[in-house]
Amino acid sequence: MPEREFKLPDLGEGLTDGEVVRWLVKEGDVVTLNQPIVEVETAKAVVEIPAPYAGTVVKLHAAEGDTLDVGAPLLSVDTGGGAGGPEASTPESRGAAAPQAEQELQATLVGPGERQQARRRRLARPGGAPTRPGPTGPPQQRPLATPPVRKYAKDHGVDLAMLTGTGKDGRVTHEDVDRALEPVAAGGTRDRSEERIPVRGTRKQIAAAMVASKFSIPHVTEFLTVDATSLMALRARLRTLPAAADLKLTPLAIVAKALCVAVRQFPLMNSSWDEDAGEIVVKGYVNLGIATDTPTGLLVPNIKDADTLGILDLSRELVRLTGLARERRAAPADLTGGTITITNVGGFGVETGTPIINKPECAIVATGLIAPRPWVVDGQLAVRELMTTSISFDHRVVDGAYAARFLAHLRDLLEDPALLSA
């Protein structure tokens, strides 16, 4: 039989393995070329992988929950018994289909440079992704749940099949799993069991990135209080514009614009350290990273060419990219290539923080809670909207005085937003 083995492909820059979240086919199923066959979770996203050949699934080489290295066998397909269509009609067409499918797979998962750049710059895309045919054969009887919920339940030893989903269409939610974990309110001996959570996927990648950054970059953090009263007034005015009618406009969009303006005068803050070349690489563009809390951990999508966008467009990109990250639908291209990062700890009610640099970038800015506080204005005590801003920077690239001047300039821009257009 003309059996072909499909190996786990390279799913993006720096990714060496992936976890099988859900098989969309089973052994014996007939599949068509480019039909989705499996969901794989990497450290950066949940990726739906299409079939590289048409035929009959002979063997699944991994179970759901297994972690495979890139290049490890994923499944085997008998290409002699493929589904109808031109792809499976002749040996020649079957032989040519595999390289083409591999190219299409890489374009789907990573994306060609110029086309991806153009697509990222389109701030509003009509409609959604094109629909693709589902797996053939009878549907698998599995509880409905998103991949993050499945992982959460698995890590906590909860069988989703034993739960009644309260979400849309009976989908099991994070809260349903939490309720299953609640201890029975009855007297008795206290449970002193311990839980061991496997470190893999996003958490494994986060751990490696934090250690690599913290112990290879000499971090320094500086703090400054910002009078954000004018910033909040600008936000209120922008919200009244017709163009902002359907927009979730947050102060972070204005801070993002101010940061892009500030690096024009302090370009070293938008640079990276190249250890091998012994060089500081100053970027002439700003790919602004947005630290995003997701159900499976921290992800940092970045807004490409953020310095070319206005406040409203920045706001749209913030909403779009953070939404994709939280849903684990961000492409690897969205999560790589950043030049400087913002983390908004104020969104969690925190006043300030000492953020860890997103290696290999030079700097990361943290914005704290904006709240009314007493402040001296023109010698008089007044109540103003105040925010503590901090910046962690690579002391190999810039000195403390340079970073302090940058932070003071950022403060000036935020306290007088009219300067953003100067």
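Given a Förster distance of 45 angstrom, what is the FRET efficiency for residue 233 paired with residue 182, based on the Cβ-Cβ distance and rounded to 0.05? Walk me through the intermediate numbers first.
Working: r = 45 Å, r/R0 = 1.01.
Computed FRET efficiency for residue 233 and residue 182: 0.50.
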All lysines inside 29 Å of residue 304 as judged from Cα atoms, apart from same-chain residues fewer than 8 positions distant: 44, 204, 214, 248, 257, 283, 359
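Taking the alpha carbon gyration tensor of the stretch 230-352, what are the square roots of 5 times its eigenvalues, largest first, to the nearest whole Å? Write down the numbers at each step before the final one.
Numbers: eigenvalues 126, 69, 37 Å².
The three semi-axes for the stretch 230-352 are 25, 19, 14 Å.
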Sequence of 266, 6, 223 when ordered by accessible area, the most exposed leading, probe 1.4 angstrom: 223, 266, 6
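Can you compute the FRET efficiency between residue 171 and residue 319 using 1/(1 + (r/R0)^6), with r the Cβ-Cβ distance and R0 = 30 Å? Round to the nearest 0.05. Please list the in-between numbers first.
On the way: r = 23 Å, r/R0 = 0.78.
The calculated FRET efficiency here is 0.80.
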Consider a paramagnetic label point 7 Å from the Cα of residue 354 along Cα→Cβ; state which residues of the stretch 206-228 have an amide N under 14 Å from it. 214-215, 218-223
Once phi for every residue in the stretch 300-317 is put through the Karplus expression 6.51 cos²θ - 1.76 cosθ + 1.60 (θ = phi - 60°), the whole-Hz ³J(HN,Hα) values, with Gly and Pro written as x, are 10, x, 10, 7, 5, 6, 4, 5, 9, 9, x, 4, 5, 5, 4, 4, 4, 5
Run the quick spin-label model on residue 264 and residue 369: label points 7 Å from Cα toward the beta carbon, then report their separation in nm to one decimal. 3.5 nm
Mean Cβ-within-10 Å packing, highest first, puts peptides 19-32, 200-213 in the order 19-32, 200-213
Relative packing of peptides 157-170, 305-318, 353-366, 401-414 - highest average C-beta neighbours within 10 Å first: 353-366, 305-318, 401-414, 157-170
How high is the FRET efficiency from residue 142 to residue 212, r the C-beta distance, R0 30 Å, rounded to 0.05? 0.20
At a probe radius of 1.4 Å, what is the per-residue accessible area of residue 378, in Å² to the nearest 10? 150 Å²
Taking only the alpha-carbon positions of the stretch 291-422 and ignoring solvent, what does the Debye formula give for the base-10 log of I(q)/I(0) at q = 0.09, 0.12, 0.13, 0.20 Å⁻¹? -0.31, -0.56, -0.66, -1.41
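For the peptides 344-352, 239-247, 148-156, what is the packing order when you average, over each peptide's residues, the other Cβ atoms within 10 Å and list the highest mean first? If you can, show how the numbers build up before the last one.
On the way: 344-352: 16.4, 239-247: 10.8, 148-156: 19.2.
The most tightly packed comes first, giving 148-156, 344-352, 239-247.
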Using a 1.4 angstrom probe and counting only protein chains, how large is the accessible area of residue 421 in Å², to 10? 110 Å²
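The values are calculated or read from the model by the stated rules, or taken from the named source; none is laboratory data. The model shown is predicted, which means the values in this text are computed figures rather than measured ones. Positions of Cβ are backbone-derived with ideal geometry, glycine not excepted, and every protein chain shown enters the neighbour counts. Heads up: the accessible areas ignore ligands, DNA and RNA and are worked out on the full protein's heavy atoms, side chains in. Shrake-Rupley method; radii C 1.70, N 1.55, O 1.52, S 1.80 Å.
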